[in-house]
Amino acid sequence: MIRRQVRAQLIDEQPHVLWNEFIHILAMSPTEQLTMVQRVAQDAFWYESEIQNGGHLQYFENQGANRVEDVVSALRKMGARGQAAILTQAFARYKEEEPRHKIRTVEDFCDVSLDQAYFDLDQAFAACTPGMTALLQQYLINHEAEFIERI
């Protein structure tokens with residue numbers, strides 16, 4: 001388990017430090033060093049990050065499809081039922097794309113993204129309430145001791 005030590009007084013004075021340390025764990029920690037509780041948040045974080053930066057196309061290009069079922073399960077555990085359903089739909093669509101265009105450059109990505117194969121799902125993701133940030137914030141509140149040691 002990876003936990004960040006943070007002075008309790010610092011958290012009281014600057015509450016954003018708690019969030020920043022949480023995100024640091026999710027972004028920088030090897031998955032195999034995390035507990036199952038931490039992995040749920042990490043899966044949701046990376047899904048959210050990829051979608052915000054390039055939609056489902058980017059998610060599948062960067063993360064692949066091997067762990068989609070784990071990510072869907074993590075989203076459900078966090079209460080992100082809408083996002084889990086959207087990822088399930090996107091994955092079904094992804095599996096139908098044979099043969100897949102090989103993306104090797106930014107230009108390739110732009111060309112493929114113009115097809116807008118996931119545009120409707122990207123929009124549906126953006127419209128989900130509560131959003132992933134709110135769900136991750138609540139998850140941190142519920143599981144703070146898994147991530148942060150107040151000293």
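Some notes on this structure:
- Being outside any helix (DSSP H, G or I) and either surrounded by 12 or more Cβ atoms within 10 Å (Cβ to Cβ) or touching a strand residue (DSSP E or B) at 6+ places or on another chain (Cβ under 8 Å) (or both) holds for only one residue in Ala117, Ala84, Ala74, and it is Ala117.
- If the condition is being open to solvent by 30 Å² or more (accessible area, probe 1.4 Å) and either of a type in the set (Val, Ile, Thr) or touching a Cys at 6+ places or on another chain (Cβ under 6 Å) (or both), then segment 11-60 contributes Ile23, Thr31, Thr35, Val37.
- Matching residues, segment 8-37, being part of a helix (DSSP H, G or I) and either of a type in the set (Ser, Thr, Tyr) or closer than 22 Å to Thr88 by Cα (or both): Thr31, Met36, Val37
- Qualifying residue in segment 126-148 (condition: touching a residue at least 24 places away in the same chain (Cβ under 8 Å) and touching a Phe, Trp or Tyr at 6+ places or on another chain (Cβ under 6 Å)): yes
- Taking the criterion of being aliphatic (A, V, I, L, M), within 15 Å of the chain's Cα centre (by Cα) and open to solvent by 70 Å² or more (accessible area, probe 1.4 Å), the only residue of segment 120-151 that qualifies is Ala126.
- The residues of segment 25-55 that are more than 13 Å from Leu136 (Cβ to Cβ) and touching a Lys or Arg at 6+ places or on another chain (Cβ under 8 Å) amount to a single one, Thr31.
- Qualifying residue in segment 37-53 (condition: of a type in the set (Lys, Arg) and touching a strand residue (DSSP E or B) at 6+ places or on another chain (Cβ under 9 Å)): no
The values are calculated or read from the model by the stated rules, or taken from the named source; none is laboratory data. Since this is a predicted model, take the numbers as computed values, not measurements. Please note: Cβ atoms are built from the backbone with ideal geometry, for glycine as well, and neighbour counts cover all protein chains shown. Accessible surface is based on the protein model in full, side chains and every heavy atom, while ligands, DNA and RNA are left aside. Shrake-Rupley method; radii C 1.70, N 1.55, O 1.52, S 1.80 Å.
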